[in-house]
Amino acid sequence: MKGVIGAFLGALGFGLMYHLSGKKLWWTALCGGVGQFICLLVSRWTDSAMAPMLVAAFCVNSFAEILARRLKAPVIVFLVCALIPLVPGKGIYEALLCCLSENGASMEAASKTLLEASGIVAGCAISSWLFYRKSSEE
């Protein structure tokens with residue numbers, strides 16, 4: 001539960017940094033918290049590093065697409081702030097440190113980070129493709 005609250009506050013902070021206000025700010029923060037909640041929920045069911053990030057990013061991107069249409073704003077306004085809590089910052093740092101120090105023992109952590117980042121990209125790509133496909137048919 002702490003992670004969900006932290007993600008909510010993190011997305012809220014980034015929303016403030018990008019000068020969001022009113023409904024957009026609070027919906028963005030909620031989107032970030034929901035994404036972290038979904039990630040934690042899916043990670044209980046699987047040992048995969050990619051699946052929780054893929055599902056969470058798909059849901060966050062879908063939520064951002066819906067919010068953008070309802071609140072008449074670009075999708076990126078909601079998406080950037082809401083995806084920040086999902087980014088595996090510690091893993092990226094350790095992966096870069098592993099590459100720089102040429103330490104083969106920590107390559108497993110680097111591959112896990114690559115899978116997590118790939119899950120975020122894939123989830124966003126699939127969701128965006130579905131939304132743009134639907135809007136082009138209308």
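The values are calculated or read from the model by the stated rules, or taken from the named source; none is laboratory data. Computed from a prediction, not measured in an experiment: that's the story for all the values here. Cβ placement follows ideal geometry from the backbone for every residue including glycine, while neighbour counts extend to all protein chains displayed. Just so you know, the surface numbers come from the protein's heavy atoms only, side chains and all, with ligands and any DNA or RNA stripped out. Shrake-Rupley method; radii C 1.70, N 1.55, O 1.52, S 1.80 Å.
If each residue of separation counts as 0.36 nm, what is the full-extension length gain between S21 and R69 once their alpha-carbon separation is subtracted?
Once the chain is fully extended between S21 and R69, it gains 15.6 nm.
Only Cα pairs within less than 10 Å get springs; with that Gaussian network setup on the chain, which residue of G22, G35, G89 has the largest fluctuation?
Comparing G22, G35, G89 in the GNM, the peak value goes to G22.
Given a 10 angstrom Cα cut-off, can you work out which residue in A117, A64, A73 is the most mobile in a GNM of the chain?
Among A117, A64, A73, the largest GNM mean-square fluctuation belongs to A73.
Using DSSP to define loop residues, name the trypsin sites (Lys or Arg not before Pro) in segment 58-122 whose beta-carbon has at most 13 other beta-carbon atoms within 10 Å.
K72
For the chain, what's the relative contact order in percent, using C-alpha pairs closer than 8 Å and at least 6 residues apart?
28 percent
Grab the DSSP H runs of the chain that are 4 residues or longer, score each as -39,500 (n - 2.57), total them, divide by all residues and round the 222 nm result to the nearest 500 deg cm²/dmol. Don't skip to the answer; put the middle values down first.
Details: 6 runs with 115 residues, N = 138.
Taken over the chain, the calculation gives -28500 deg cm²/dmol.
For q values of 0.11 Å⁻¹, compute log₁₀ I(q)/I(0) with the Debye formula on a Cα-only model of the chain, without solvent.
-0.42
What are the DSSP H helices in the chain that stretch 20 Å or more along their long axis, judged by alpha-carbon atoms, and whose average Kyte-Doolittle hydropathy comes to at least -1.0?
In the chain, the long hydrophobic H runs are 2-17, 22-45, 50-71, 107-137.
Please calculate how many Å² of accessible area segment 6-138 carries per residue, with a 1.4 Å probe and no DNA, RNA or ligand atoms counted.
59 Å²
Of the heavy-atom accessible surface of the chain (probe 1.4 angstrom), what whole percent is carbon and sulfur?
On the way: 5740 of 8370 Å².
That fraction is 69 percent.
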